[in-house]
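The values are calculated or read from the model by the stated rules, or taken from the named source; none is laboratory data. Note that the structure is predicted; figures quoted are calculated from it, not measured. In this analysis, Cβ positions are derived from the backbone assuming ideal geometry, glycine residues included, and neighbour counts consider all displayed protein chains.
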Amino acid sequence: MTLRVPSCRLTPHKLSCFGASRRLLLTEPTRKVECFISKVNDPWVNLAIEEWLFRRKDAAKYVLYLWRNTNCVVIGRNQNPWKECDLKLMSQDSIPLIRRRSGGGAVYHDIGNTNYTVIMPRDDFDRRKSASLISRALHHLDIPSSVNDRHDLVIGPNKISGSAYKIVSDRAYHHGTMLIDADLKALGRYLKPPVKNMVGKGVASVRSPVTRLREHSFTVDHLSFCESVLEEFGRTYEVPDLTLKELDLDLLSKHPDIKADHDELKTWNWTYGQTPEFVHQLDHQFAWGQVNAIFRVNHGIITEATITINAKDHVAVAMRLIEALEGQCYSPQGIQQAFDNLAVGTGMRLLDELAELKAWLLESI
Amino acid sequence: MSIMLRRAIPSITRRRRPPQVRFVKPGDTVEQFTPVCEVQSDKAAVEITSRYDGTVKTLHYKPGDVARVGQPLLDIETEAASAKDHVPTSTTYSISEEPHTEVIDSVKQTTASPPSASPLRSESTTFTNTQTLATPAVRRIAKENNLNLSLVRGSGPDGRILKGDVLAHIAGLKPTPTSPSSPPSPSPSTTSTSTPSQPQQTTRKPLTKIQRAMYKSMTKSLTIPHFSFSDEITLNATTQLRAQINAYLKQNQKNEWGLEKISYMPIFVKTLSVALRDFEILNCRVVQGEGGEVELEWRESHNVGVAMDTPQGLLVPNIKSVHQKSILQIAQDLQQLRTLSSQNALQPSHFQNGTITLSNIGSIGGTVMHPVLVDTEVCIGAVGSVRRLPRFEVGEDGVERVVAKEVMGVSFSADHRVVDGATVARFVRRWKGLLEEPGWLLAGLK
């Protein structure tokens, strides 16, 4: 259902025309509401700030946080980056990979994408309600958005926003992206992983066709979106005259726990090491033989490697390669390390084959 | 004393995406509200906190495993002063069973003790509640006041004990549920026999999975006009045949079939299939054609469904391709199905593609039955119990005598929209002929 609403500011008495269902029933006379906007574009800092806002002991009941990042790919808590995005391309183009703390799928951020986070008490958590809030904010900008079955925001069949949730004992948050001016071609490139024979326990992204707000409005931009969301937030929680408090890097120096969280998000152990177990099967026909490799990777470390080379001279090499690979990180550095360890003590005649093997593995993982 | 509590997976999201788990370890001490694990489901990462103080005893899942909604997550051992429960209490988060309603994100909690709980207290009042439904907050209040919850009458839904009930009971304001002069009733039933003004206790329970399946299937079967045909089969020859087979199996203990002995069912099932060869219409099914008109689907394979009475209820798995199997192979399949059903390990494929059903209600008893058709079949048979009855027989000397025969009643129901009475009558007589004179089976052997 789309609602075309003129973008004049609605006063409370006009709201009654749209039915009581649009308003939350107040059980308390006042609600503690706070709204923040981040002036920082560093994705790790913004995520750390979000976590801090969520976990604060003296937290307000309802918090709105608006932020945007420079180019990066953000995957969900339990996802497998090797299956979700093209890590090689990202590394070539210097696009960092980030793992967030909430669930859900993989998304591409750039400065044309604005993120919103709505924090609320757990009992009030309702996926549809919070998605509808953002949708109404878009209606005020003359954009015909709606909420689909998966609680994503769409315009027609195309997705404009993806969302994810985190729920703890007393609070919950719903956060999502909003593609305003984002580079959709880049999004398509980075979120398209190369075809691999990989099976794992990670959460898979659900792909959908996307569009961006720019295709539906000449006047929308980051600031007008933020303002509209702020106004809708105030209307929904019946707190007039809300303002956005600005957050910047000073926050990191004032709150060491934000800095600590930011540092943790950047570690390899969090970004890659939190990948649930998966098995990757690869094979290749070389001039000198056929190689089949099966890697069982848990927490980013190769726990089990099975390598079969069907050339009789190379059986010993296969055994030694297995030994060298097991325990290494499933990454170019790990593979490189394994081959370096292997080069010591291998006969000269096999060096070419080993080099080819290494090149193939580095290319394929 | 310690109570073992189990935490179950809350249904915070749709069931189609199974949750993944991250955990505390056994031996860890947990307090109320400390996180015990993180569960991930489609888009939500949920941190589950402990409702109790205690020590983690066992984990039902490893980190990274896929957990099932409604199943226990971990066991927490607590110390509880109240002696009211001598049996494990399970804390489960209830699920909304409708997949189409809005996702219920707030976790609803019920605590119930199993019906076989609480022996009678030796208190003076006769009111005993075997089902003490109460939230942890209410239980805490009761515990703090050393109150036995089974003595409190709940005024909430389903007899749930609310905070007000407990407080009123403590204050002594609650009128005693029964007159003090009535003697304690020896049975742990919840309805006291003394005062007539007590309302009758009824409890509502949702249907189990099997009951629900039966309900759906039988409602569909209502649209089919049934007719029944019953007959009597003299089983003496079959009994002899069975004895011979079992003697053979006993001699060859390590036989390739893995069987010690067989029951009548494999013989019934095989002869049914042989008889079906001449009456293939009974193996059909009524379907809606593409143009909307009704068609008969002729099926080549005889997949005979065998009704099994299990502790969970009625299950009808089928034995596939009976027309191509021998009696011993069928016996093997039957044994396997019985084992699987006792372990609750039957797969959906066992229940699909059945073409005709045979029910052995006779193992419990009965003479004439009226089995209800499965809506994907047109014929179903039920065999009653075997009884020893007197019958007339002309002996070899030409004298008519009364002899004892083993007689079994059978009843067949069929879909009268596509099958007529004569067909079923002839089919049953054919089957009866094969069972009474197994020589015909041999004669037809290829």
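Listed conditions (1) among the hydroxyl-bearing types (Ser, Thr, Tyr); (2) out of contact with any helix residue (DSSP H, G or I) (no Cβ under 9 Å at 6 or more places or on another chain); (3) more than 14 Å from chain B (Cβ to nearest Cβ) are all met by A:Thr114, apart from (2).
Among the criteria (1) out of contact with any Ser or Thr (no Cβ under 8 Å at 6 or more places or on another chain); (2) part of a loop (DSSP other than H, G, I, E, B), the one B:Phe427 does not fulfil is (2). Screening B:Val372 against (1) surrounded by fewer than 20 Cβ atoms within 10 Å (Cβ to Cβ); (2) assigned to a loop (DSSP other than H, G, I, E, B); (3) touching a residue at least 24 places away in the same chain (Cβ under 8 Å); (4) out of contact with any helix residue (DSSP H, G or I) (no Cβ under 6 Å at 6 or more places or on another chain) leaves a single unmet condition, (4).
Reported count of residues in the range A:202-231, each being within 14 Å of another protein chain (Cβ to nearest Cβ) and not in a loop (DSSP other than H, G, I, E, B), is 0. Give the number of residues within the range A:285-297 that are closer than 17 Å to A:Ile335 by Cβ and free of Cβ contacts under 8 Å to residues at least 24 places away in the same chain. Total meeting the criteria: 3. Screening the candidates B:Ser349, B:Ser385, B:Ser341, B:Ser411 for the property of being out of contact with any helix residue (DSSP H, G or I) (no Cβ under 8 Å at 6 or more places or on another chain), assigned to a strand (DSSP E or B) and of a type in the set (Ser, Thr, Tyr) yields one hit, B:Ser411. Of all the listed residues (A:Gln285, A:Gln290, A:Gln333, A:Gln337), the sole one being exposed (fewer than 13 other Cβ atoms within 10 Å of the Cβ), in a helix (DSSP H, G or I) and at pLDDT 85 or above is A:Gln333. Considering only residues in the range B:385-444 that are without any contact (Cβ under 8 Å) to a residue 24 or more places away in the chain and of a type in the set (Asp, Glu), the one that is nearest to B:Asp375 (Cα to Cα) turns out to be B:Asp420. Going through the range A:80-111 one residue at a time, which ones are more than 24 Å from A:Leu247 (Cβ to Cβ) and within 14 Å of chain B (Cβ to nearest Cβ)? A:Asn80, A:Gly103, A:Gly105, A:Ala106, listed by residue number.
Scanning the range B:135-152 for residues that are touching a residue at least 12 places away in the same chain (Cβ under 8 Å) and either part of a helix (DSSP H, G or I) or in contact with a Cys (Cβ under 7 Å, 6 or more places away or on another chain) (or both) returns B:Pro136, B:Ala137, B:Val138, B:Arg139, B:Ile141, B:Ala142, B:Lys143, B:Leu149, B:Ser150, B:Leu151. Does A:Arg77 qualify as being under 30 Å from B:Gly64 (Cα atoms), not hydrophobic (A, V, I, L, M, F, W, C) and not in a loop (DSSP other than H, G, I, E, B)? Considered against the rule, which asks whether it is under 30 Å from B:Gly64 (Cα atoms), not hydrophobic (A, V, I, L, M, F, W, C) and not in a loop (DSSP other than H, G, I, E, B), A:Arg77 comes out as no. From the list B:Met308, B:Met214, the one residue that fits, being surrounded by 11 or more Cβ atoms within 10 Å (Cβ to Cβ), aliphatic (A, V, I, L, M) and free of Cβ contacts under 8 Å to residues at least 40 places away in the same chain, is B:Met308. Only one of the numbered conditions (1) among the charged types (D, E, K, R); (2) under 18 Å from the mean Cα position of the chain (by Cα); (3) part of a helix (DSSP H, G or I) is not met by A:Lys159, and that is (3). So, A:Asp142, is that one surrounded by fewer than 16 Cβ atoms within 10 Å (Cβ to Cβ), touching a residue at least 12 places away in the same chain (Cβ under 8 Å), acidic (Asp, Glu) and within 14 Å of another protein chain (Cβ to nearest Cβ) or not? Here the answer is no, as A:Asp142 does not meet what is asked. On the stretch given as the range A:259-300, residues that are hydrophobic (A, V, I, L, M, F, W, C) and within 14 Å of chain B (Cβ to nearest Cβ) total 4.
Counting only residues that are away from chain B (no Cβ under 14 Å), in contact with a His (Cβ under 7 Å, 6 or more places away or on another chain) and under 22 Å from A:Ile134 (Cα atoms), the range A:64-79 holds 2 of them.
Residue-wise test of (1) among the β-branched types (Val, Ile, Thr); (2) touching a strand residue (DSSP E or B) at 6+ places or on another chain (Cβ under 9 Å); (3) modelled with pLDDT under 90.
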{"site": "A:Tyr165", "(1), (2), (3)": "no, yes, no"}
{"site": "A:Val168", "(1), (2), (3)": "yes, yes, yes"}
{"site": "A:His175", "(1), (2), (3)": "no, yes, no"}
{"site": "A:Ala204", "(1), (2), (3)": "no, no, yes"}
{"site": "A:Glu232", "(1), (2), (3)": "no, no, no"}
{"site": "A:Asp248", "(1), (2), (3)": "no, yes, no"}
{"site": "A:Pro256", "(1), (2), (3)": "no, no, no"}
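Of all residues in the range A:159-201, those satisfying the criterion of being of a type outside the set (Gly, Ala, Ser), within 10 Å of chain B (Cβ to nearest Cβ) and surrounded by fewer than 20 Cβ atoms within 10 Å (Cβ to Cβ) are A:Val168, A:Asp170, A:Lys201. The one condition from (1) crowded, with 23+ Cβ neighbours inside 10 Å; (2) over 29 Å from A:Asn197 (Cβ atoms); (3) touching a residue at least 60 places away in the same chain (Cβ under 8 Å); (4) within 14 Å of chain B (Cβ to nearest Cβ) that A:Pro121 does not meet is (1).
Matching residues to (1) basic (Lys, Arg); (2) assigned to a loop (DSSP other than H, G, I, E, B); (3) more than 9 Å from chain A (Cβ to nearest Cβ):
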residue: B:Gln32; (1), (2), (3): no, yes, yes
residue: B:Gln40; (1), (2), (3): no, no, no
residue: B:Arg51; (1), (2), (3): yes, yes, yes
residue: B:Lys57; (1), (2), (3): yes, no, yes
residue: B:Lys62; (1), (2), (3): yes, yes, yes
residue: B:Val69; (1), (2), (3): no, yes, yes
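Comparison of A:Gly234, A:Gly156 shows that the only residue that is away from every other protein chain (no Cβ under 14 Å), of a type outside the set (A, V, I, L, M, F, W, C) and surrounded by fewer than 17 Cβ atoms within 10 Å (Cβ to Cβ) is A:Gly156. Scanning the range B:325-342 for residues that are farther than 9 Å from B:Ile262 by Cβ and within 21 Å of the chain's Cα centre (by Cα), we see that the one that is surrounded by the most Cβ atoms within 10 Å (Cβ to Cβ) is B:Asp333. Scanning the range A:262-296 for residues being within 30 Å of A:Trp44 (Cα to Cα) and out of contact with any strand residue (DSSP E or B) (no Cβ under 8 Å at 6 or more places or on another chain) gives a total of 6. Restricting attention to the range B:356-369, the residues that are in a loop (DSSP other than H, G, I, E, B), in contact with a Ser or Thr (Cβ under 7 Å, 6 or more places away or on another chain) and of a type outside the set (A, V, I, L, M, F, W, C) total 2.
In the set B:Ile267, B:Ile319, only one residue is in contact with a Lys or Arg (Cβ under 7 Å, 6 or more places away or on another chain) and either farther than 24 Å from B:Arg417 by Cα or acidic (Asp, Glu) (or both); that residue is B:Ile267.
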